[in-house]
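Accompanying notes for the structure given below.
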Amino acid sequence: MLVGGTVVLNDPYTDQGANNASHMADVMMSKPLLGMIEIVGAATQHPKIADMFIQNLADPIKFWPWIEDAEAARKVIEEQLGQEQG
């Protein structure tokens, strides 16, 4: 979980978890990523997308590659909404 400038992580593999959390914090604190903008925008309209985003906070590596790539983010959104309708 990212709170302000602090990363809180519950991970039994501390070194790996610290690396992931540090990378995630760097990404979250840098300029907005186009993929993140797409996902967060969709999350405001679709609870399934919001749930997916929040669940990925427990395992930040699941954000890649779509968090950095708008096209990949759109594909994830379409897949998630397709599952919702199907």
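We did not get these values from a lab; they are worked out from the coordinates using the rules stated. Predicted, not measured: the structure shown is a model, and the values here were computed from it. Reconstructed Cβ throughout: ideal geometry from the backbone, glycine too, with neighbour counts over all protein chains shown.
Does region 28-49 hold any residues that are free of Cβ contacts under 8 Å to residues at least 24 places away in the same chain and within 15 Å of Gly82 (Cα to Cα), and which are they?
Passing the criteria: Ala43, Gln45, Pro47.
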**Report entry** Hits in region 35-67 - residues which are touching a helix residue (DSSP H, G or I) at 6+ places or on another chain (Cβ under 6 Å), surrounded by 15 or more Cβ atoms within 10 Å (Cβ to Cβ) and part of a loop (DSSP other than H, G, I, E, B)
**Finding:** Trp66, Ile67
